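Chemist: Would you mind keeping the following structure in view while I ask a few things?
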Amino acid sequence: MKGTSYKSALNISNGVEQPPEISEESIRLHKQKRRNSPSVNEFLEGILSGNRTLLSQAITLTESSLPSHHELAQEIIEKCMPFSGRSLRIGITGVPGVGKSTFIESLGMLLIRNYRKLAVLAIDPSSERSKGSIMGDKTRMEQLSAEPGAFIRPSPSAGSLGGVARKTRENIILCEAAGFDTIFIETVGVGQSETAVHSMVDFFLLLMLAGAGDELQGIKRGIMEMADAIAITKADGENTGRAERAKSEYTNALHLFPPSESGWIPKVMTCSAKTNRGINDIWDLVLEYMALTHHNGYFDKRRQEQSLYWMYESINQNLKDSFYLDKRIQKLLENYETKVLQGEITPFTPVRALLEKYFKRRWIKLNAGRR
């Protein structure tokens, strides 16, 4: 009404003032944490003394994509190198559902009972879309993960070739420096990753199932050629007969392959992680292989070849990282992507221009540093 003061019931109050998304206290604690982060020498001392927390932190640094973390990780690895190389490295792979985690826990517990220290570097399946992973290896190996002499570290596979974590090689060095005398590397499954794993282990074990159709289907010839032994898993109960038949088939198939450079004749065995049947025999087979290759010199030769292989792989990886982290290259790539998508240029046109730009910038920087 005219002349009457009117106050609407729909007025919205200011409400309670919301705190900032990141509190000043959180920022202060983060800065303090950064200041208090261990030095390279503290990492080294902690790793050599068996400090699991510092070992885990060092592994996290190797897997980080941040340049600052990469530099720190490389310094730690360089310091750890003189204390590495004294472990037995075993690659374990197999078709999905073969029971890799159950087998590893059964074999791992055998080693723990024999006073060995075991590190399991398990490449965990992860989504190529979300980059997320279940990281379920510790839950699948409940008994082993509770052992003081065992260390289980799952790593996400996304973004790396066929499921092999990009820094698994460096993680082996860190674990060896921490005193682990046996390293298991478990892969996601049968695929390209096996080639990379084979290039960083001493013994390559392939796990297979029996009674899943044609025993030789679903596995590449190249992977069987790499295997130092094949273990038919779940050989218990009604499956025992099928496992024995599968053993005969794989043994016959292995005879078709050329002799190994190591002088070792790959063997096929059956086992059951559920009943522990055959687990001791498989470990005895690994020790037999180690004795042979140490005696004939193949073990040292193989380690040397692997070191050279990983030198070149590291060069390739560092060149790739340096190229894609270059800010100007990133900007040029965005422009070229648009042109390629619109069909203005072919996918091969930008290659030479980008590389010339990249190396020209590196040359200018190098010369500027010499002045």
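The values are calculated or read from the model by the stated rules, or taken from the named source; none is laboratory data. Here the structure is a predicted model, which is why all the values come from computation and not from measurement. We place every Cβ from the backbone using ideal geometry, glycine too, and count neighbours over all the protein chains shown.
Chemist: Would you say residue 289 is closer than 30 Å to residue 110 by Cβ and within 30 Å of the chain's Cα centre (by Cα)? Step through it out loud before you land on a result.
Modeler: Working: closer than 30 Å to residue 110 by Cβ: yes; within 30 Å of the chain's Cα centre (by Cα): yes.
Judged against the criteria, residue 289 is a match.
Chemist: Which residues, counting only those in segment 45-73, are in contact (Cβ under 8 Å) with a residue 40 or more places away in the chain and part of a helix (DSSP H, G or I)?
Modeler: Once the filter is applied, which keeps residues that are in contact (Cβ under 8 Å) with a residue 40 or more places away in the chain and part of a helix (DSSP H, G or I), segment 45-73 yields 47, 48, 52, 55, 56, 58, 59, 62, 63, 67, 70, 73.
For every residue, the table says whether it meets (1) more than 25 Å from residue 71 (Cβ to Cβ); (2) exposed (fewer than 13 other Cβ atoms within 10 Å of the Cβ).
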site: 271; (1), (2): yes, no
site: 276; (1), (2): yes, no
site: 297; (1), (2): yes, yes
site: 304; (1), (2): yes, yes
site: 309; (1), (2): no, no
site: 330; (1), (2): no, yes
site: 350; (1), (2): yes, no
site: 357; (1), (2): no, no
site: 363; (1), (2): no, yes
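Chemist: Which condition number does residue 183 fail, the rest of (1) of a type outside the set (S, T, N, Q); (2) closer than 18 Å to residue 92 by Cβ; (3) at pLDDT below 70 being met?
Modeler: With respect to (1) of a type outside the set (S, T, N, Q); (2) closer than 18 Å to residue 92 by Cβ; (3) at pLDDT below 70, residue 183 is out only on (3).
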